[in-house]
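Input: a single structure, listed below in structure tokens.
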Amino acid sequence: MEDENITEKQLISFLLNKQKILKNELKKVELALEALSVEPHLYLTFNDNDQEGVQNQSFINAIKQNLSFTEEFDPNSKLDYKIAFALSQEERLTKDDILAVIIKQQPDLDKNKFEKTLSVRLSYLLKNKFIRGKKNGRTYLYSLLTQGS
């Protein structure tokens, strides 16, 4: 077998690509650890006099801080961050508007299936006050908490 001459440029390109892949993997591991380190039943019983509730409120606030204005779309990120990206495009959006923004970024998604998933997730985020929603007729106008009204 002949020796392959690998140039410095090829090596740098390979290493940069490997770095990008590993960063994505690290992000996934961090999200998994974050999700596994939380006991969901704890923050459901929050009250002002409960020390455990105060710690859980801190966790909820940390998540809310992460669900903020996002300039860049990451197709490998959690749905919450894709929603945050869509809501970063305009101040208030309906579910259909959010769906259109995400489908535009990821055209290979099954629109009908994703629409149902999006509805459930928006309901969860709204109920737990991770995003804001204002009723407008039979629909909601969603916005990030960090944006005005």
(request) For the range 88-110, name all the residues that are under 13 Å from Leu141 (Cα atoms) and modelled with pLDDT under 90. (result) Glu90, Glu91
(request) Hey, can you tell me all the residues within the range 111-122 that are closer than 16 Å to Ala86 by Cα and either at pLDDT below 90 or not β-branched (Val, Ile, Thr) (or both)? (result) Lys111, Phe114, Glu115, Leu118, Ser119, Arg121, Leu122
(message) So, Val120, is that one hydrophobic (A, V, I, L, M, F, W, C) and more than 24 Å from Glu71 (Cβ to Cβ) or not?
(response) yes
(message) Given (1) at pLDDT below 80; (2) within 24 Å of Val120 (Cβ to Cβ); (3) assigned to a helix (DSSP H, G or I), identify the lone condition not met by Gln55.
(response) (2)
(message) Which residue is modelled with the lowest pLDDT, if the candidates are limited to the range 1-51 and must be surrounded by 10 or more Cβ atoms within 10 Å (Cβ to Cβ) and among the small types (Gly, Ala, Ser)?
(response) Ala35
(message) Looking at Leu79, Leu67, can you tell me which residue is closer than 23 Å to Lys27 by Cβ, surrounded by 17 or more Cβ atoms within 10 Å (Cβ to Cβ), of a type outside the set (Val, Ile, Thr) and at pLDDT below 90?
(response) Leu67
(request) For the range 127-148, name all the residues that are surrounded by fewer than 16 Cβ atoms within 10 Å (Cβ to Cβ) and under 12 Å from Leu87 (Cβ atoms). (result) Leu145, Thr146, Gln147
(request) Restricting attention to the range 113-145, report how many residues are among the basic types (Lys, Arg) and in contact (Cβ under 8 Å) with a residue 12 or more places away in the chain. (result) 4
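The values are calculated or read from the model by the stated rules, or taken from the named source; none is laboratory data. Keep in mind that what you see is a predicted model, and the values were worked out from it rather than measured. Heads up, the Cβs are rebuilt from the backbone with ideal geometry, glycines too, and the neighbour counts pull from every protein chain shown.
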